[in-house]
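One structure below.
The values are calculated or read from the model by the stated rules, or taken from the named source; none is laboratory data. All values derive from a computational prediction rather than experimental measurement. Here the Cβ is made from the backbone with ideal geometry for all residues, glycine too, and neighbour counts use every protein chain on show.
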Amino acid sequence: MLNHIVIMGRLTRDPDVRRTPSGVSVTSFNIAVDRDFGSRDGEKTTDFIDCVAWRNTADFVGKYFTKGRMAVVSGRLQLRDWTDKDGNKRRSAEVVADNVYFGDSKKDREGGDEYRAPAYDSQIESEGYDTPVTGSNFAELDGDDGDLPF
C-alpha cells in the first residue's frame, strides 16, 4: 500500500514550533494550495491544508519558512479522529511532512527577509573537514550566455 502526497503552496502564517515533553521538535503550519481548475464562474478555488513536521524537518521549517513563502511538502496523509469540547466526534486530515523544499527563490519573493543559506553543512563534519560553509561562491554572469557549452 502507498500513502504519499506532494503539495505546493504558500504558508498562510508563520510556522508554530514547539517541543514535546521529551524534547522532540514539532512544527505545525498551513499551506494554501490553488486547484488546477476553476469554478463555473472562472474563479480559482484554494484549499488550505494543515501540515505537521517532526524533528529535523520541524527545525528546518521553523528556521527558514515564514508566512507567504512558497513550499513544496512531501509526506503522507494522516486522518485523526477526535472529540471536541461539546462531545461531538470530529475528523481532521493533515499532511505529515517527511521533506519540505523551497518552492520559490529569493528573486521571486517580493520584500520580506531573504533566504540565507545555513552557516553550517553537516556533510563537512562527516567528511572530516574543519571549515564550515559560510556562503555561496557562485555569482550571476553578466551579459550573453551564448558561449557556455551547455
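Key figures for this structure:
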quantity	calculated
Any chance R80 is in contact with a Phe, Trp or Tyr (Cβ under 9 Å, 6 or more places away or on another chain), at negative phi and at pLDDT below 95	no
Check on Y115, at pLDDT below 90, more than 12 Å from the chain's Cα centre (by Cα) and farther than 17 Å from R10 by Cβ	no
Some residue of region 84-91 being out of contact with any helix residue (DSSP H, G or I) (no Cβ under 8 Å at 6 or more places or on another chain), at positive phi, at pLDDT 55 or above and not β-branched (V, I, T)	yes
Residues (closer than 15 Å to C51 by Cβ and of a type in the set (D, E, K, R)) located in region 61-92	K67, R69, R76, R80
Subset tally (residues that are touching a Gly at 6+ places or on another chain (Cβ under 9 Å) and among the hydroxyl-bearing types (S, T, Y)) for region 5-56	5
Subset of region 13-57 (residues that are over 20 Å from R76 (Cα atoms), in a loop (DSSP other than H, G, I, E, B) and of a type in the set (V, I, T))	T20
Matching residues, region 1-24, being exposed (fewer than 12 other Cβ atoms within 10 Å of the Cβ), out of contact with any Phe, Trp or Tyr (no Cβ under 9 Å at 6 or more places or on another chain) and hydrophobic (A, V, I, L, M, F, W, C)	M1, L2, V6
Where M70 falls short, out of the listed (1) more than 16 Å from D16 (Cα to Cα); (2) touching a residue at least 24 places away in the same chain (Cβ under 8 Å); (3) surrounded by fewer than 13 Cβ atoms within 10 Å (Cβ to Cβ)	(3)
